[in-house]
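Just so it is clear, none of the values below were taken in a lab; they were calculated from the coordinates. These figures come from a predicted structure and were not determined experimentally. Using ideal geometry, Cβ is built from the backbone for each residue, glycine included, and neighbour counts are taken over all protein chains shown.
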Amino acid sequence: MAKTHLYEVTVTWTGDRGTGTSGYRAYERAHDVEADGKPPIPGSSDPAFRGDPARWNPEELLVASLSQCHMLWYLHLCATEGIVVTGYTDHPRGSMIEGPDGGGRFEEVVLRPRVTLARADQADLATEVHERAHRMCFIAASVNFPVRHEPVILGAAQDIPARDSTAS
């Protein structure tokens, strides 16, 4: 039986300079994203769209969500497979194209996790688990653009290049 999970946040615009949206340059894109019991996330638009570069923008948060979801599933699946992960860092990259009307869409996100294993002899299995983690990730299953993986598996003080895997 399927379970439904609900997620509620509050997004509050904080960028009124006193004249509201009286003009395109008259207001800040600043806002806060909040959820009960959690610190607020300071948000803005991308600097290319008059946003504050010191604040998170929705595009960064989408890329981060894909990376987090993949990582959490990956760690879970490794634990159930008996693969001991001792380090995980991802440097994901998303590319978005902007249309002539100012709208846009993501073309793809590439996850580039560097995974450190306790045992280098588990590198092949650890690489395969990335595919399973992708299939399980709620966020990746919800987007309409490709999410690719370029993992590097580290173990026994050496890099073990993983196969580039592409998933959508």
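Kirkwood hydrodynamic radius, region 58-143, all distinct C-alpha pairs: what's the number in Å? Kindly include the intermediate steps, with their values, before the conclusion.
Details: mean 1/r = 0.0719 Å⁻¹.
Final number for the Kirkwood radius of region 58-143 is 13.9 Å.
P(r) tail for the chain, what percent of Cα pairs lie past 20 Å? Show your work: numbers first, answer last.
On the way: 8555 of 14028 pairs.
Roughly 61 percent, once rounded to a whole number.
So which cysteines in the chain don't have a second cysteine's C-beta under 4.7 Å from them?
Unpaired cysteines in the chain: CYS78.
Once the Cβ-Cβ distance between ASP36 and VAL152 is put in as r, and R0 is 30 Å, what FRET efficiency do you end up with, to the nearest 0.05?
Numbers: r = 38 Å, r/R0 = 1.26.
Step by step, r from the Cβ atoms, then E = 0.20.
Name the residue, out of ASP36, ASP52, ASP124, whose mean-square fluctuation peaks in a Gaussian network model built on the chain with Cα pairs under 10 Å.
Result: ASP36 has the largest fluctuation of those listed.
Give, rounded to the nearest 20 debye, the magnitude of the charge dipole that region 58-167 has about its Cα centre when Lys and Arg contribute +1 at Cβ and Asp and Glu contribute -1 at Cβ.
Approximately 240 debye in magnitude.
If I fit a long axis through the Cα atoms of helix 58-81 and take the longest principal axis of the Cα atoms of the chain, what angle between them do I get, 0 to 90°, rounded to 10?
Helix 58-81 sits at roughly 20 degrees to that axis.
So for region 10-49, considering every pair of alpha-carbon atoms, how many percent are separated by more than 15 Å?
Result: 46 percent of Cα pairs exceed 15 Å.
Using 0.36 nm times the number of residues separating THR12 and ARG105, minus their current alpha carbon distance, what extension gain do you get?
Additional length available on full extension: 31.1 nm.
What is the local net charge at TRP13, summed over the other residues whose Cβ is closer than 12 Å to its Cβ (Lys, Arg +1; Asp, Glu -1)? The partial results should precede the final answer.
Details: positive: ARG17, ARG29; negative: ASP16, GLU28, ASP32.
Result for the local shell: -1.
Based solely on C-alpha atoms, express the radius of gyration and the Dmax of region 23-108 in angstrom.
Spelled out, the Cα radius of gyration and Dmax of region 23-108 are 17.1, 58 Å.
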